[in-house]
Amino acid sequence: MKVARVFNNNVVLALDDAGREVILTGRGLGFQARPGQAVDPAQIVRTFVPTDGRDSDHLAQLLAGIPPEHIQLVGSALAEVGLDTLGRNPALIIALADHVSFALRRIAVGMELEYPLLAEVQNLYAEEYAKAAALLAAINARSETQLPGAEAVGLALHLVNAGFATGDLSYTYTMTGAIQQMVTVIQQTFSLDLDAGSVSVGRFITHLRYLFVRIHQHKQLDQKLSPIGAVIRETYPHEVECALRLADLLELRLGSTLTDDEVSYLALHVARVAADQA
């Protein structure tokens with residue numbers, strides 16, 4: 001294999017012997033590496049093969065923003081609970097690793113986040129929730145920092161969303177156009193010049209993809225205004241105004257009105273993008 005692009009010391013995009021783009025991880029793999037240079041197989045820890053037309057550069061950029069030990073943590077836990085086939089889905093393992101990494105950082109600074117969807121997830125997605133609970137136990141068995149049981153809700157939602165697929169490309173095109181418009185609205189609202197390839201924008205786009213899944217499946221967060229949603233609205237009033245404009249845009253493009261809680265969570269992600277890019 002040969003290096004196509006270096007993202008950091010631990011993540012590179014490479015071309016395999018069949019000419020496919022693959023994402024490789026391993027400590028020091030990208031150190032002083034140059035495009036066209038042969039990859040040392042001994043340094044490769046994990047190989048991700050993008051599927052379903054996913055953008056290799058975008059996935060690699062997200063992966064580069066996650067500590068390697070957190071990727072290894074999630075990968076090992078998936079294998080232990082018999083979900084190693086899911087670990088071959090790069091988009092999913094990156095989403096899970098990013099989720100776990102962010103949860104570990106939240107705990108380190110004493111930030112607690114309650115999930116208001118426990119009952120709904122347990123009832124609507126019983127199979128995914130059971131897998132997520134087992135995955136969480138395997139993660140905690142390997143980590144000094146223990147994640148609370150509520151994190152199984154977030155992990156379960158990632159597993160649910162991984163199963164979303166539609167053969168109707170027109171919906172994908174509509175989502176793509178909507179995402180581009182929404183990023184533009186955020187730029188104009190906060191006078192930012194957003195880097196479309198940045199990790200923060202990548203996370204925001206990931207949230208939007210999951211939001212589109214819920215809209216498509218008619219399973220939006222449907223509490224009128226949950227306690228955590230109320231806190232978000234009080235803490236980020238300017239971001240909520242922006243989120244309401246984004247909700248109007250989505251109603252126009254997708255024909256669906258966002259619930260109060262979806263607007264609140266959208267505002268939280270807007271705040272994260274604005275803070276990271278300011």
Subset of segment 186-207, residues assigned to a helix (DSSP H, G or I) and modelled with pLDDT of 85 or more, comes to 186, 187, 188, 189, 190, 204
Meets criteria (more than 17 Å from the chain's Cα centre (by Cα) and either surrounded by 16 or more Cβ atoms within 10 Å (Cβ to Cβ) or modelled with pLDDT of 90 or more (or both)) for residue 237: yes
Among the residues of segment 125-136, are any modelled with pLDDT of 85 or more and closer than 29 Å to residue 240 by Cβ? no
Subset of segment 86-110 [in a loop (DSSP other than H, G, I, E, B) and either surrounded by 21 or more Cβ atoms within 10 Å (Cβ to Cβ) or modelled with pLDDT of 75 or more (or both)]: 109, 110
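Residues checked against (1) in contact (Cβ under 8 Å) with a residue 40 or more places away in the chain; (2) over 16 Å from the mean Cα position of the chain (by Cα); (3) under 20 Å from residue 162 (Cα atoms):
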{"position": "11", "(1), (2), (3)": "yes, yes, no"}
{"position": "24", "(1), (2), (3)": "no, yes, no"}
{"position": "34", "(1), (2), (3)": "no, yes, no"}
{"position": "50", "(1), (2), (3)": "yes, no, yes"}
{"position": "58", "(1), (2), (3)": "yes, no, yes"}
{"position": "93", "(1), (2), (3)": "yes, no, yes"}
Somewhere in segment 16-29, is a residue closer than 13 Å to residue 94 by Cβ and either buried (at least 19 other Cβ atoms within 10 Å of the Cβ) or not small (Gly, Ala, Ser) (or both)? yes
Only one of 29, 78, 83, 73 is assigned by TED's automatic domain parsing to the domain that holds residue 143 and part of a loop (DSSP other than H, G, I, E, B); which? 83
Confirm whether residue 275 is touching a Phe, Trp or Tyr at 6+ places or on another chain (Cβ under 9 Å) and over 20 Å from residue 119 (Cα atoms). no
Within segment 255-266, is there a residue that is among the hydroxyl-bearing types (Ser, Thr, Tyr), more than 25 Å from residue 125 (Cβ to Cβ), outside the structural domain of residue 99 (by TED's automatic domain parsing) and part of a helix (DSSP H, G or I)? no
Hey, among 208, 221, which residue is touching an Asp or Glu at 6+ places or on another chain (Cβ under 8 Å) and either among the β-branched types (Val, Ile, Thr) or under 18 Å from residue 256 (Cβ atoms) (or both)? 221
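The values are calculated or read from the model by the stated rules, or taken from the named source; none is laboratory data. Just so we're clear, the structure is a prediction, and the values are computed from it rather than from any experiment. Neighbour counts run over all protein chains shown; Cβ positions are idealised from the backbone, glycine included.
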